[in-house]
Amino acid sequence: MKPVTSGPEDSLLLRRALERQQAKDLVGAEDLCLRVLARTPNHPLALYILGTLAVGHDDEMALRYFARAVGEEPRNPYYHLSLSQTYLKVGEYTPAVRHLRHALELKPNMVEALCELGRAYVETDKAEMALPLYEKAIGIDGSNSIARRGLASALTSLGRMEDAGEHLRRAIELRIALPAAYNDFAHSRKFTEEPVELASILTELGDPRLDLEGARQLHHAAGKILNDLQRYEEAVEHFKKGKQAAAHKFDLESYRSWVDSMIDVFSPEMLAGRTSYGNSSEVPVFVLGMPRSGTTLTEQICASHPSVHGAGELSKLRRMANGIGLRTGATETLRRTVLSITPELSSTLAAEHLSYLRELAPNALRVVDKTPHNFELIGLICLLFPRARIIHCRRDAIDNCVSCFALNFSEEHSYNSDLRVLGLYYREYDRLMRHWENVFPGRILESRYETLIEDQEAQSRHLIDYLGLPWDEACLRFFDRDGSVNTPSRWQVRQPIYTSSVKRWKNYETQIQPLIQSLGDLADI
C-alpha cells in the first residue's frame with residue numbers, strides 16, 4: 001500500500017483537533033479532521049481521531065473510521081486496539097479478538113490490549129482464558145485498575161469468589177480505583193456477618209474530596225452489604241443516595257410515546273400480511289423481560305441442556321433495530337420503517353443474525369440471547385424468526401422493581417434512578433408486553449419467577465419442552481454447570497434455587513411507597 005504523504009500543515013491541524021477534543025469541542029475537532037482529509041485523503045491519524053469522536057453516539061461510524069485507519073497504517077497497535085474496543089462495545093466478539101491479538105503481536109506488553117482481550121474472553125464465557133492475560137498485565141503494571149478489577153471479575157465469573165475477594169482486598173489496600181473496588185467486593189458474595197470493609201466504606205463516604213462517581217459506587221457498595229445484613233432501612237437510604245449521585249434522568253413521556261407508536265404500528269392487520277417473512281430457523285431463543293425478573297436463572301437452566309448454548313446478553317438485535325430506525329421516531333416514521341422491511345430484507349437480516357449466532361456456537365441446536373430489554377423488539381423478532389422461541393420472564397412487580405433499584409445500573413437504565421419513575425416505567429413495559437401477547441398469541445412462553453422457585457423441576461421441564469428438546473437431568477443442576485457466568489447475579493446463579501427473594505419487598509415497605517403508588521393496580525399487596 002502506498003504510504004500517505006502528510007505535510008506540516010496536516011500535523012498542525014491535527015494537533016489543534018486534539019486540543020479541541022480535549023476541550024469538549026467535538027464539532028470543531030471533527031471539522032479540523034475533515035479539513036485534513038480534504039487535503040490528504042485517508043490520512044490515518046485524521047481517520048483515527050474521527051473514530052474517537054464518533055464512539056458513544058455513532059458506534060457504526062466509529063467502526064468505519066477505525067477500520068480505515070487500520071487499513072492505512074496496519075502496524076499501529078493503537079488503531080487495532082480502538083477498533084477492537086468498539087467491536088466489543090457493540091458485541092462483535094470475533095473481529096474484536098482478532099484485532100486485539102494483532103495489537104499484541106505488534107506490542108506484546110500492551111496492558112490495555114491484554115485487559116481488553118481478557119474482557120472479551122470473560123464476556124464470551126471463556127474466563128479461564130482471561131486469567132493469564134490479566135495476571136500478565138498486573139505483572140507489567142501492578143497499579144492498573146482495569147487489570148486488577150478484570151482479574152477479580154474473571155475469577156467471580158468462574159465461581160472462585162474467595163480468590164476474587166482476596167484480589168479486590170489487595171486493590172483496596174493499594175487504593176487502586178477504590179470506590180469501584182469496594183463496589184465489586186460488595187457484589188462478589190452474600191454477607192452473613194458485617195465485614196470490616198463496611199466501616200471503611202462509610203469512612204470513605206465522609207471524604208470531602210470524593211467525587212460523584214465515587215459516591216455512587218460507595219453508596220451502592222454500602223447498600224448491598226447492609227441489605228445482606230438485613231439492615232433494610234439503612235440499605236435503601238444508601239441506594240437512594242447512590243441514585244442521587246448518579247443524577248441520571250429519564251424522559252418518561254418520550255418513552256410512553258414510543259410505546260404508543262410500537263403498539264400502533266405492529267397491529268394485527270400489518271402483521272397478517274407478513275407471516276412468510278424472515279427465516280424459519282429454530283436456533284434463536286430470546287429470554288427477555290424486565291431486568292432482575294429471572295432471565296439469568298432461566299437462561300442457566302436452558303443452557304444446562306447439552307444442545308443449548310447460553311450466549312448471555314447480546315447487542316446484535318438492538319444494533320439491527322437501530323440500523324433500520326426502529327428505536328426512535330414518531331408513529332409515522334416508525335410505520336415507514338416497518339413497512340420498508342421487505343421479504344428480501346427480512347431474510348437478509350435474519351441470515352446475518354444467524355451467522356452471528358453460529359460464530360458463537362457452531363453446533364448448538366438452540367442459542368439463547370438473554371438480553372432483558374429485547375422485550376421492546378418482539379415485533380422485529382417475530383418478523384425475522386417466525387419459529388424462534390421467546391421466553392418472557394415475569395416476577396412480582398414490586399419485587400422486580402426493588403431488585404432493580406438495589407443495583408448500580410448504568411445510565412442506559414436511567415428509568416431506575418427514581419422509585420416513582422421506575423414504577424411508571426414498569427407499567428409501560430407491562431403495557432407493551434400485553435400488546436405482544438395479544439398480536440402474537442401462543443408465540444411467547446411466560447415463565448413466572450415465583451412458579452419456577454416453587455417447583456423447579458416442573459417448570460424446567462416445561463421450558464425444555466417449549467424449546468422442542470428432550471429432557472435432560474442436567475437442567476436441574478444448573479448451578480453446577482461448567483464455564484463462566486457474566487451477569488450482575490453471578491454469585492447467585494452458582495447457588496441452588498432459594499426462596500428468600502419472593503416477597504422481598506415487604507422488608508422495605510415503608511421506604512418504597514412512591515414505587516407502590518406508581519405501580520398502581522400492578523402492585524400485588
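Where a number appears in this text, it was derived from the coordinates with a stated rule and is not lab data. Keep in mind the model is a prediction, meaning the values are calculated, not measured. Cβ coordinates were reconstructed from backbone atoms using ideal geometry, including for glycine residues, and neighbour counts include every protein chain displayed.
Name the shape class, rounded, prolate or oblate, that the alpha-carbon gyration tensor gives for region 96-236, where a ≥ b ≥ c are the square roots of its eigenvalues, rounded holds for a/c under 1.5, and otherwise prolate holds if a/b is larger than b/c and oblate otherwise.
prolate
Across the cross-link table entries 126/316; 24/249; 24/89; 89/224, which are compared at the Cα atoms, the separations over 24 Å belong to 89/224.
Using only helices, what value at 222 nm comes out for the chain when you add -39,500 (n - 2.57) per DSSP H run of length 4 or more and divide by the total residues, to the nearest 500 deg cm²/dmol?
Details: 26 runs with 310 residues, N = 525.
Taken over the chain, the calculation gives -18500 deg cm²/dmol.
Just to confirm a number: summing +1 for Lys and Arg and -1 for Asp and Glu over residues other than residue 418 whose beta-carbon lies under 12 angstrom from that of residue 418, what do you get?
Values: positive: 240, 243, 249, 420; negative: none.
Surrounding charge for residue 418 is +4.
Net charge in the neighbourhood of residue 330 (other residues with Cβ under 11 Å of its Cβ; Lys, Arg +1, Asp, Glu -1) is -1. Ranked by how many other Cβ atoms sit within 10 Å of their own Cβ, fewest first, the residues 219, 309, 373 fall in the order 373, 309, 219. Reported to the nearest whole Å, the Cα centre-to-centre distance from region 350-429 to region 174-248 is 28.
Estimated from the Cβ-Cβ distance and a Förster radius of 25 angstrom, the FRET efficiency linking residue 332 and residue 352 is about 0.35.
Nearest 20 debye, what's the magnitude of the dipole of the chain about its Cα centre given +1 on Lys and Arg Cβ and -1 on Asp and Glu Cβ? Intermediate results must be reported in sequence, preceding the final value.
Values: 63 positive and 71 negative charges, 159 e Å.
The dipole magnitude comes to about 760 debye.
Listed by chain and number, the aspartates and glutamates whose alpha-carbon sits under 18 Å from that of residue 503, ignoring those within fewer than 8 places in the same chain, are 228, 233, 396, 399, 450, 454, 455, 521, 524. Under 5 Å from the amide H of residue 309 lie the amide H atoms of 366, 367, 368, each residue being 5 or more positions distant or on a separate chain, with H modelled from the backbone and absent for Pro and chain starts.
Full-extension gain between residue 359 and residue 203, please, as 0.36 nm times their residue separation minus the C-alpha to C-alpha distance.
Numbers: separation 156, 0.36 × 156 = 56.16 nm, distance 4.79 nm.
Contour length minus the Cα-Cα distance gives 51.4 nm.
Put in line by how crowded their Cβ is, counting other Cβ atoms within 10 Å and starting with the fewest, 253, 105 read 253, 105. Using C-alpha pairs below 8 Å separated by at least 6 residues, the relative contact order for the chain is 14 percent.
Close amide H pairs (under 5 Å, H built 1.01 Å from N) link residue 281 with no residue at least 5 positions away or on another chain. The phi torsions of region 457-464, fed into the Karplus equation with coefficients 6.51, -1.76 and 1.60 and a -60° offset, translate into couplings of 5, 4, 6, 5, 4, 5, 4, 5 Hz, rounded to whole numbers, with Gly and Pro shown as x.
May I ask you to compute the full-extension gain from residue 477 to residue 94, defined as 0.36 nm times their residue separation minus their alpha-carbon distance, rounded to one decimal in nm?
Numbers: separation 383, 0.36 × 383 = 137.88 nm, distance 3.03 nm.
Contour length minus Cα-Cα distance gives 134.8 nm.
Distances between placed amide hydrogens fall under 5 Å for residue 446 paired with 392, all partners being 5 or more residues away or on another chain.
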